[in-house]
Amino acid sequence: MSSARLHVTPSQAREHQKMSDITLHQRSPASAAAARAWLERELPAEAMRLISVVSSLEEALEGADYVQESASEQLPLKRDLFVRLAEAAPAYCLFASSTSALLPDAIFGALPAANRCLIAHPANPPHVLPIVELVGGSATSQTTLDRAADLMASLGQDVVRVKRAAPGFVLNRLQAALVEEALALVASGIADPDDVDRTVRSGLGLRWAFAGPFETMDLNASGGFAAYAKTLGPALAASAPGGPESSNWNGEAPSMVVNHRRKLLDINEIPTRQQWLVGRLRALRALKEEKNGIPGQETS
């Protein structure tokens, strides 16, 4: 539903809120009907009672506190839509874009209401994956970012605050780097595509589901990330696409990660956290094998 716009009015909002919590706007009655059919297929009946689907933008915006724009990735289309949203919505309403590739100032930087605009980028499928990246423009207020973060957290989303707008934000930059190397492994004859997928599916993906790359490395040695960087950093730097001279392992980033990790986890607590991670990985592997068969023999 790339052309859909999602309009949310939280249940604890103002007196003038509409009966439904969420109003979904589609540009035509036919696309609105298709959207409703998709929602009814994907969501439980109790959730559908909170959603109304309309083809009138003005009707969708009435009393809205938060608007999530999900139009196709065309800058003129999104710019025009944000102008229309700002003109028709209440003065307190926040406007967020789902864009994956466009930067905030390009979409809404010239709007008088730019202080109430941001990017809230989900991952697909958005009704299953909880991640959402919040990215402000140069005029986006801290209040707007805080309100959006509070709303997303109240909906069960895992909020990432992107400190500075950059193409790809965080999620797609990480994905692009991994896929670029995956393509290089295939192109150079180091591995077949299915073995690259298997490496992620049964290795990195399992670990990162609970810990992420930095915490995984932090828990890989009793001395934490600092010990990992000292022992394995040079080897990892040597495999960097531009060679060790261009690798971030030789810059300030490892020290920044160490400082951040020690704020989150005392070094003496690493063994306890390691045991926790192993327990979670065992449970996840068991669930995966139960649902999909043993690794290498997955069923569709």
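The values are calculated or read from the model by the stated rules, or taken from the named source; none is laboratory data. Please read these numbers as outputs of a predicted model, since none were measured by experiment. Note that we place each Cβ from the backbone using ideal geometry, even for glycine, and neighbour counts take in every protein chain shown.
Residue pairs whose Cβ atoms lie under 6 Å apart, separated by 6 or more positions or on different chains, with the first residue in region 135-155 and within 22 Å of residue 171 (Cβ to Cβ) and the second among the basic types (Lys, Arg) and assigned to a helix (DSSP H, G or I), are 144/116. Looking across region 29-85 at every residue that is of a type in the set (A, V, I, L, M) and under 17 Å from residue 118 (Cβ atoms), the one that is surrounded by the most Cβ atoms within 10 Å (Cβ to Cβ) is identified as 67. Residues in region 228-242 that are in a helix (DSSP H, G or I) and surrounded by fewer than 17 Cβ atoms within 10 Å (Cβ to Cβ): 230, 231, 232, 234, 235, 236, 238.
Among the residues of region 203-212, those identified as exposed (fewer than 13 other Cβ atoms within 10 Å of the Cβ) and part of a helix (DSSP H, G or I) are 203, 212.
In the list 245, 269, which residue meets the criterion of being modelled with pLDDT under 95, among the charged types (D, E, K, R) and surrounded by fewer than 15 Cβ atoms within 10 Å (Cβ to Cβ)?
245
For residue 168, indicate whether it is over 27 Å from residue 98 (Cβ atoms) and of a type outside the set (Asp, Glu). Answer is no for this residue.
Scanning region 212-257 for residues that are more than 25 Å from residue 185 (Cα to Cα) and among the hydrophobic types (A, V, I, L, M, F, W, C) turns up 219, 221, 225, 226, 227, 253, 256, 257. Surrounded by fewer than 18 Cβ atoms within 10 Å (Cβ to Cβ) and either in contact (Cβ under 8 Å) with a residue 40 or more places away in the chain or of a type outside the set (A, V, I, L, M) (or both): is that true of residue 220 in this structure? It is false that residue 220 is surrounded by fewer than 18 Cβ atoms within 10 Å (Cβ to Cβ) and either in contact (Cβ under 8 Å) with a residue 40 or more places away in the chain or of a type outside the set (A, V, I, L, M) (or both).
Kindly evaluate residue 283 against the criterion of being in a helix (DSSP H, G or I), among the hydrophobic types (A, V, I, L, M, F, W, C) and loosely packed, with under 12 Cβ neighbours inside 10 Å. Answer is yes for this residue.
In region 233-256, which residues are among the hydrophobic types (A, V, I, L, M, F, W, C) and without any contact (Cβ under 8 Å) to a residue 12 or more places away in the chain? Residues satisfying the conditions are 235, 238, 240, 253, 256. Here region 167-186 is the region considered, the condition is being without any contact (Cβ under 8 Å) to a residue 12 or more places away in the chain and closer than 15 Å to residue 121 by Cβ, and the residue that is farthest from the chain's Cα centre (by Cα) is 176. Within region 155-171, the only residue that satisfies the criterion of being at positive phi and touching a strand residue (DSSP E or B) at 6+ places or on another chain (Cβ under 8 Å) is 169.
Does residue 202 qualify as being among the hydroxyl-bearing types (Ser, Thr, Tyr) and either farther than 30 Å from residue 282 by Cβ or in contact with a His (Cβ under 9 Å, 6 or more places away or on another chain) (or both)? Criteria not met by residue 202. Residues that are of a type in the set (Val, Ile, Thr) and under 13 Å from residue 213 (Cβ atoms) within region 224-264 comprise just one, 257.
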